[in-house]
Each structure stands twice: as structure tokens, then as C-alpha cells.
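To keep things clear, I will list the structure first and then write my remarks on it.
The values are calculated or read from the model by the stated rules, or taken from the named source; none is laboratory data. Predicted model, so just to flag it, every value in this text is computed and none were measured. Cβ sites come from the backbone with ideal geometry, for glycine too, and all protein chains shown count toward neighbours. SASA here: full protein model, heavy atoms, side chains in, ligands and nucleic acids out. Shrake-Rupley method; radii C 1.70, N 1.55, O 1.52, S 1.80 Å.
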Amino acid sequence: MSEADLGLAAIVVMAITTFLIRVGGFWFMAHVPLTTRVRRMLEALPGSVVAAAVLPIAIKSGIPAVLAVSMAVLVMRASRSALAGVLIGITAAALARSAGV
Amino acid sequence: MTTGTDRHRDIAHCSVAGLAAGARLALPGMPIMAVFGVAFGTAAAQNGLTLSEATLMSALVFAGASQFVAAEMWTTSMTAAWVIALGLVTATVNMRFFLMSASLRPWLGTLPAWQTYPALALMTDPGWLLATQYRSRGGSDSAVFLSSGVMLWLTWIAATVPGHALGGIVTDPTRFGLDLVMPCFFVVMLVPLWRGSRAAISWLVSGAVAVLTAQLLPSWWFIMAGVIAGSVTAGVFDE
């Protein structure tokens, strides 16, 4: 195989791996009884995913990141616009950074 | 807004009208995907992926975080062993999708596979959060989930191309806060899902475990560790 073919192979391997993971959880749950407890565990997933993804990044990136996510939440609560939340959040971080925070 | 009590009341179905509703649902996610997609295209160009490789990866893999990691690991002298390594790293970074798709079973489990698996194949973090929000408002149409996934997918592919062409024009994305686009979108998506501080205990556990794991282990294990800890916490404590 040429190096370009192997590059293509890498992309295909990544795609198949990701596809199997994407459908795997859904398929797996067909074989697990949906008790109240299991339902509670599944319902906690959105918040858990966000917390686990954001908190380490916020701590690593420091004050501008904490400012950005806080602003984003406040704007979202006031305006119900996800886009406004994100825009004002990253603007706050950019301003904080330009001010040397 | 509906409350938590009428969740799971409506029976899942799949309608043509849902395709338009899904496109609307995807709207707040599309700019996020575009920014992230341009950033990926740039990273891909800087790490030696050709335009066709970068675009193909966006179209077939469609998982931003893992694509960034793959771009950083990319080499123009690719070997079979390295292909396997890329597959394993991709699995690590994307493992959370397993739990995310599991969470859709109570909603979509009664539908035939041809209505659910194509939509699951296009599931991303933003798409899943948008679909979860739609479901928590009482929505039950699986076509909404599918078409929002398609919209985000097309945005992602379309953004990769200019990102690759521009490669390196935006030299310091952190200056504009662009590194925080995804974290901001994540927390914003969580606002309508807020069900009081008691339910948030599991979120807090998840975040704390993730922070701790990020100190101890390399790579992306911290997300899985946090999510599992948060989910188990929710299972153990009664409401």
C-alpha cells in the first residue's frame, strides 16, 4: 500500500470505529431493562457530559474561560438565545485576555 | 417550556414535517460547527493532511475532538501500525458517544432500525444536546433528530474546506476566544435542562472526577471517567 492509501485507510478505520461507538450504546440498551434507576442514570448524562468536558478546560484556561462560560449561562438565561450566549461568552474571554487577565 | 413531568409521555414517531423542524432545531448549532470546522481544516492543513483527506475525514468521521487529535498525530509517512494507533485514539476520544446514544434508547427504542441508526450515525455533542433539549420539551419526532444531524454534518464538511485553504491565517485563535466556543455552547445547552440543584449533584460529581482524572491520566479519559461517575451517582441517589 502506498502512503496515500494508508492515509485513506486511517480515515476509514477512524470512521468505522466512531460509527460502531455511536450506534453501540443505543444497541446495547436494547438488552438492558429500563428500570427507574437506569432511566435516572441516562437522564443524568447530558449534565455529566457537559460538566466533564467543560470543567477541566475551564480550570486549565483560567479566569477568561470561567468568565466566558459564566457570561454564556447568564445571557442564555436572560435571552433564551444560545447563539447570543456563546457570542457574548467568547467576547468576554477575548476582552479579558486583551486586558491581560 | 414544559416541565419534567411530561417527559416520555409522547410516543416516538417519524414524520416529514419533522425534517423541517430539525433544520430549525440545528440553527444555533450551525455557527458553532462552522467555527470548529474551520479550525479543524486549519489544523489539518498545518499537520500535512491534503484537502481531500481533511474533507473526507470530516464527512466520514464527523467527530471534531477526535479529528483534531488525529490531525496532530498525522504523518505523511503513514504505516499500518500508525493506522491502528489512530483507530485506538479515536475510540478513546469518542467513547462518550456510547453513553450518549444509550441515553436515546428510552425515546427512540420503539422505532424501526432504519429510522434510528442513520440519525445515530450523525450524532455529535452539539446535535445530541439539541436533540436532548427537544426531547425534554416534549418532542418525540425522530425525523427532527435526523435532519438536525444532517444540517450539522453539512455545515461541518462545508467549513472544513475554507479552513484548510486559509490554513494559518488566524494565527492565534485564543485571542478571539475561539478556543472557548465549544465550552460556551455546552453550558448554554444545559440551561434549559436545569431541574434544580438536587439533580445537579451528579453533574458536580462528574465535573470533579473529570478534573481529578485530567491531572492523573493522559489523553481524553477524563470525560469518560467523569460521565460514568456522574451517571452512577444519579443512579445511586433517589430523587
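Some points to look at:
- Selection status of A:SER98, facing another protein chain (nearest Cβ under 8 Å), over 29 Å from B:VAL61 (Cα atoms) and modelled with pLDDT under 95: yes
- Residue match in the range B:223-231 (condition: assigned to a loop (DSSP other than H, G, I, E, B) and open to solvent by 60 Å² or more (accessible area, probe 1.4 Å)): no
- The set of residues from the range B:104-141 being closer than 26 Å to A:VAL13 by Cβ, open to solvent by 10 Å² or more (accessible area, probe 1.4 Å) and among the small types (Gly, Ala, Ser) comprises B:ALA113, B:ALA121.
- Selection within the range B:203-219 - more than 20 Å from the chain's Cα centre (by Cα) and of a type in the set (S, T, N, Q): B:THR213, B:GLN215
- In the range A:84-101, the qualifying residues are those that are out of contact with any Leu (no Cβ under 9 Å at 6 or more places or on another chain) and outside any helix (DSSP H, G or I), and the one that is nearest to B:LEU212 (Cα to Cα) is A:GLY100.
- If the condition is being more than 7 Å from every other protein chain (Cβ to nearest Cβ) and open to solvent by less than 20 Å² (accessible area, probe 1.4 Å), then the range B:190-212 contributes only B:PRO192.
- Selected residue (criterion: surrounded by the fewest Cβ atoms within 10 Å (Cβ to Cβ)) from residues of the range A:44-76 that are of a type in the set (A, V, I, L, M, F, W, C) and more than 7 Å from chain B (Cβ to nearest Cβ): A:ILE63
- Test: residue in the range B:158-174 that is buried (at least 19 other Cβ atoms within 10 Å of the Cβ), within 12 Å of chain A (Cβ to nearest Cβ) and more than 20 Å from B:MET224 (Cβ to Cβ): no
- Qualifying residue in the range B:127-137 (condition: assigned to a helix (DSSP H, G or I) and basic (Lys, Arg)): yes
- The condition of being assigned by TED's automatic domain parsing to the domain that holds B:LEU60 and touching a residue at least 12 places away in the same chain (Cβ under 8 Å) holds for only one of B:VAL187, B:VAL144, that being B:VAL144.
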